Amino acid sequence: MNFEAVKSIYLFEMARMRRTLMQSVISPVLTTSLYFVVFGAAIGSRIEQIDGVSYGAFITPGLIMLSLLTQCISNGSIGIYFPKFTGTIYEILSSPIAMAEILLGYVGAAASKGLIIGLIILATASFFVDISIAHPVMMLVFLVLTAVTFSLAGFIVGIWAKNFEQLNIMPMLVVPPLTFLGGTFYSVEMLSPFWQAVSHLNPVLYLVSGFRWSFYEIADVNPLISLGMIALFLVVCLALVAWIFRTGYRLRN
């Protein structure tokens, strides 16, 4: 393992976060803070508790997950797309660096950025609502697994995308609707049986439910099933990346 190569790619990508603090950190934190003000304070004051938890506290795990998914996919896709766009990807591919090392550098940086944003939002949420974490270890497990998995998904999107429009399809048009419909602002038990069945087809439901369980021990889905869904998606992403590296799909041509 060429750790120097992994370190170089990782630090280069992390430097991008320092250069774009407004876009990378301040913007998602401010956006999520507005959610807390509007939904947690204004609307939450008119809604009864959900499963014994105040509404503002109830939506906190979902809002963290929304930002985490968006940031990980965006950072993962942009990190590999720009070398393709500028042509420097050929220098990386021709250097004595294994594909696994390239993957570790880019995906590790994207996941780190997402985790930083997620933890900042968690700290920010404590100023708006009372938060308790029943299972801090499981909370970190869900957080790290989700960050790595969706950074991998972003990496795949960055390789697949031919232009900036395609690059923004996942973080802007796919993730937000799935997150909003995945129990971020409500419990699926409030829905009719038909819509409950439909909601269980949404993979984001399992992420939000499992993450919320680590906070308050309440969940729409068994947390072990949630972990299994994340693991399944991680395996699928790794298989896709392995196929891309083996075939050179949109990397060598």
Completion exercise
Requiring at least 2 residues that are of a type in the set (S, T, N, Q), the helices (runs of 4 or more DSSP H) wholly within segment 46-141 are 55-86, 99-125
Fill in the blank from the handout: Here the qualifying pairs (Cβ atoms under 8 Å; residues six or more apart or on different chains; first in segment 164-178 and farther than 10 Å from residue 77 by Cβ and in contact (Cβ under 8 Å) with a residue 24 or more places away in the chain; second surrounded by 13 or more Cβ atoms within 10 Å (Cβ to Cβ) and of a type in the set (S, T, N, Q)) come out as 175/70; 176/70; 178/202
Completion exercise
Exception for residue 67 within (1) within 27 Å of residue 204 (Cα to Cα); (2) touching an Asp or Glu at 6+ places or on another chain (Cβ under 7 Å); (3) among the polar types (S, T, N, Q) falls at (2)
Handout entry: Within segment 182-202, considering residues that are part of a loop (DSSP other than H, G, I, E, B) and in contact (Cβ under 8 Å) with a residue 24 or more places away in the chain, the one surrounded by the most Cβ atoms within 10 Å (Cβ to Cβ)
Key = 183
Fill in the blank from the handout: Taking first residues from segment 60-83 that are in contact (Cβ under 8 Å) with a residue 12 or more places away in the chain and within 17 Å of residue 23 (Cα to Cα) and second residues anywhere that are outside any helix (DSSP H, G or I) and of a type in the set (S, T, N, Q), the pairs with Cβ under 9 Å that are 6 or more apart or on different chains are 66/184; 74/168; 77/168
Handout entry: Residue in segment 230-243 that is crowded, with 18+ Cβ neighbours inside 10 Å, out of contact with any Leu (no Cβ under 7 Å at 6 or more places or on another chain) and touching a residue at least 12 places away in the same chain (Cβ under 8 Å) present
Key = yes
Practice task
Identify the single condition in (1) in a helix (DSSP H, G or I); (2) closer than 20 Å to residue 62 by Cβ; (3) out of contact with any Gly (no Cβ under 8 Å at 6 or more places or on another chain) that residue 147 does not satisfy, given that it satisfies every other one.
Solution key: (3)
Handout entry: Test: residue 13 is surrounded by 22 or more Cβ atoms within 10 Å (Cβ to Cβ), on the phi < 0 side of the Ramachandran plot and assigned to a helix (DSSP H, G or I)
Key = yes
Handout entry: Yes/no for residue 108 being modelled with pLDDT of 90 or more and either more than 30 Å from residue 188 (Cβ to Cβ) or surrounded by 13 or more Cβ atoms within 10 Å (Cβ to Cβ) (or both)
Key = yes
Exercise for the section: Considering every residue within segment 36-45, establish whether at least one is crowded, with 17+ Cβ neighbours inside 10 Å, under 20 Å from the mean Cα position of the chain (by Cα) and over 24 Å from residue 152 (Cβ atoms). Expected result: yes
Problem - Number of the condition not met by residue 95 [criteria: (1) farther than 22 Å from residue 167 by Cα; (2) in contact (Cβ under 8 Å) with a residue 60 or more places away in the chain; (3) surrounded by 14 or more Cβ atoms within 10 Å (Cβ to Cβ); (4) of a type outside the set (A, V, I, L, M, F, W, C)] - result: (3)
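The values are calculated or read from the model by the stated rules, or taken from the named source; none is laboratory data. From a predicted model like this one, the values you see are computed outputs, not experimental measurements. Backbone-built Cβ (ideal geometry, glycine too); neighbour counts: all protein chains shown.
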